[in-house]
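**Student:** Below is the structure I would like to discuss, written out as structure tokens.
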Amino acid sequence: MALKKEVKYDKIEIVGDFKKIQLRQATIIYDNGVEVSRSFHRSLLNPDEDISGEPQEVQDICKVVWTDEVKKAWADEKEAQGITPS
């Protein structure tokens, strides 16, 4: 029995006016090359978050969609809601 585990982002979505990045990470288990299990973990990145620990592909997408205008709009929205800046 040869088990293999693969973890990868299988879905990256840009969501809403503030261009939040929604990530779906798949964990796939193979037994002798045949998939026997697949599970998912979802996470969401906001325009003011530290993305240095994310894969380069995710960082590249964030850099493109998180323009100065988007970042300012997100900061303004948080301020309007009384959310403390991070």
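We did not get these values from a lab; they are worked out from the coordinates using the rules stated. On a predicted model such as this, the values are computed, not experimentally measured, just so you know. All Cβ positions, glycine included, derive from the backbone under ideal geometry; neighbour counts span all protein chains shown.
**Student:** Would you mind calculating the relative contact order of the chain from Cα pairs under 8 angstrom and at least 6 residues apart, reporting the percent as a whole number?
**Tutor:** Values: 120 pairs, mean separation 20.7, N = 86.
Computed over the chain, the figure is 24 percent.
**Student:** When F18, F40 are ordered from fewest to most other Cβ atoms inside 10 Å of their Cβ, what list results? Provide the component values of the computation, followed by the final result.
**Tutor:** On the way: F18 18, F40 10.
Placing the least packed residue first, the sequence is F40, F18.
**Student:** Between 0 and 90 degrees, rounded to the nearest ten: what's the tilt of helix 68-80 against the longest Cα principal axis of the chain?
**Tutor:** 70 degrees
**Student:** Once every DSSP H run of n ≥ 4 in the chain is given -39500 (n - 2.57) and the sum is divided by its residues, what mean residue ellipticity at 222 nm do you get, rounded to the nearest 500 deg cm²/dmol? Don't skip to the end; give the middle numbers.
**Tutor:** Details: 2 runs with 23 residues, N = 86.
That comes out to -8000 deg cm²/dmol.
**Student:** Residues with amide H under 5 Å of K20's amide H, sequence separation 5 or more or different chain, H placed in the peptide plane at 1.01 Å from N; which?
**Tutor:** Placed amide hydrogens put V15 under 5 Å from K20.
**Student:** Which pairs break 25 Å Cα to Cα here: K19/K78; K20/K78; K5/K63; K20/K72; K8/K78; K4/K63? Numbers along the way, then the final one.
**Tutor:** On the way: K19/K78 14 Å; K20/K78 14 Å; K5/K63 30 Å; K20/K72 13 Å; K8/K78 31 Å; K4/K63 33 Å.
Long pairs (Cα-Cα over 25 Å): K5/K63; K8/K78; K4/K63.
**Student:** Here's a follow-up. May I ask for the angle, rounded to the nearest 10°, between helix 56-65 and the longest principal axis of the chain, with both axes built from Cα atoms and the value confined to 0 to 90°?
**Tutor:** Its long axis makes an angle of about 30 degrees.
**Student:** Could you tell me how many cubic angstrom of Cα convex hull volume the chain has per residue?
**Tutor:** On the way: hull volume 9.3 nm³, N = 86.
With only Cα atoms used, the chain gives 109 Å³ per residue.
**Student:** Among A75, S39, C62, pick out the residue whose Cα is farthest towards the positive end of the charge dipole of the stretch 19-86, where Lys and Arg carry +1 and Asp and Glu carry -1 on C-beta, about the Cα centre.
**Tutor:** Highest projection toward the positive end goes to S39.
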